[in-house]
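Take a look at the structure set out below.
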There are 2 protein chains.
Amino acid sequence: MFDRLDPLLHSELRLAVMSVLIGSDEADFVYLRQQTGATAGNLSVQLDKLAAAGYITVEKGFQGKKPRTTCRVTDTGRAAFAAYVESLRSYIGK
Amino acid sequence: MFDRLDPLLHSELRLAVMSVLIGSDEADFVYLRQQTGATAGNLSVQLDKLAAAGYITVEKGFQGKKPRTTCRVTDTGRAAFAAYVESLRSYIGK
DNA sequence: TAAACAAGTTTACTTTATAAACCAAATAAA
DNA sequence: TTTATTTGGTTTATAAAGTAAACTTGTTTA
């Protein structure tokens with residue numbers, strides 16, 4: 001009756017991150033922090049988990065002399081997000 | 001940008017329970033177990049939490065000689081569920 | 001009357017989430 | 001120029017959740 005909810009996506013912050021990335025296709029750490037309002041520590045941990053699952057890629061580089069961490073959603077991540085949203089329907093209707 | 005998600009409802013099992021109760025208005029422990037597929041222990045714990053929050057009422061009685069635990073959603077619970085679903089929109093769109 | 005079953009609850013353990021502390025490099029202030 | 005301060009994070013420690021397994025109480029069945 002109820003679909004299982006992907007535990008990786010069923011997390012407030014990870015879901016917000018995926019939402020931003022799906023909308024903007026690329027976002028850096030600072031931007032994600034602004035958009036989600038998360039603490040840096042929490043964001044760092046959750047990005048690692050999403051990357052470990054292959055839902056996003058995390059690229060560390062520099063912009064001038066400042067470090068810059070750029071994230072992108074993968075096809076796997078996109079598919080997982082779509083499936084998660086679809087599963088949610090069994091809980092919330094429509 | 002993203003609404004906070006009510007942590008009491010942002011739980012797979014508690015959300016499923018609320019979903020069942022909102023649909024059927026009254027459900028006993030055994031029925032909830034069937035519908036959600038949860039273990040009895042987990043269901044027991046999560047019902048307690050929903051009741052503690054005032055989202056449901058839990059009534060213990062007997063049906064013949066067998067104990068029977070009947071749950072109902074409260075107005076508070078209904079409102080919280082509606083708010084939760086609304087908040088989810090900021091994450092998943094539509 | 002002893003074994004099995006039903007309906008839960010409690011306990012113990014594992015996993016998550018999160019904040020706080022920390023670090024290294026760059027920039028600004030004294 | 002040394003000393004704060006800020007930026008962009010990571011690591012660590014703790015609290016909260018989720019869950020299974022064991023337990024309880026009473027009932028039915030063999």
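The values are calculated or read from the model by the stated rules, or taken from the named source; none is laboratory data. Given the structure is predicted, the values throughout are model-derived calculations rather than measurements. A quick note on method: Cβ atoms are made from the backbone with ideal geometry, for glycine too, and the neighbour counts reach across all protein chains shown. When the accessible area is computed, the model is the full protein with side chains, heavy atoms only, and any ligands, DNA or RNA have been set aside. Shrake-Rupley method; radii C 1.70, N 1.55, O 1.52, S 1.80 Å.
Tabulated data for the structure shown
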quantity	calculated
Number of the exception - B:Gly93 against (1) away from DNA strand D (no atom under 16 Å from the Cβ); (2) within 10 Å of another protein chain (Cβ to nearest Cβ); (3) touching an Asp or Glu at 6+ places or on another chain (Cβ under 6 Å)	(3)
A:Phe29 being open to solvent by 60 Å² or more (accessible area, probe 1.4 Å), among the aromatic types (Phe, Trp, Tyr) and either touching a strand residue (DSSP E or B) at 6+ places or on another chain (Cβ under 9 Å) or in contact (Cβ under 8 Å) with a residue 24 or more places away in the chain (or both)	no
Test result for B:Arg78, open to solvent by 30 Å² or more (accessible area, probe 1.4 Å), modelled with pLDDT of 95 or more and farther than 26 Å from A:Glu12 by Cα	no
Residue match in the range A:3-20 (condition: among the polar types (S, T, N, Q), under 15 Å from the mean Cα position of the chain (by Cα) and more than 26 Å from B:Ser19 (Cβ to Cβ))	no
Qualifying positions in the range B:1-19 - open to solvent by less than 20 Å² (accessible area, probe 1.4 Å) and at the interface with another protein chain (Cβ under 8 Å from one of its Cβ atoms)	B:Leu5, B:Leu15, B:Ala16
Answer residue from the range A:32-70, given it is at pLDDT 95 or above, more than 9 Å from DNA strand D (Cβ to nearest atom) and of a type in the set (Ser, Thr, Tyr) and is least open to solvent (accessible area, probe 1.4 Å) among those	A:Tyr55
Qualifying residue in the range A:69-88 (condition: within 14 Å of chain B (Cβ to nearest Cβ), part of a helix (DSSP H, G or I) and touching a Cys at 6+ places or on another chain (Cβ under 7 Å))	no
The range B:4-41: number of residues that are within 12 Å of DNA strand C (Cβ to nearest atom) and of a type in the set (Lys, Arg)	2
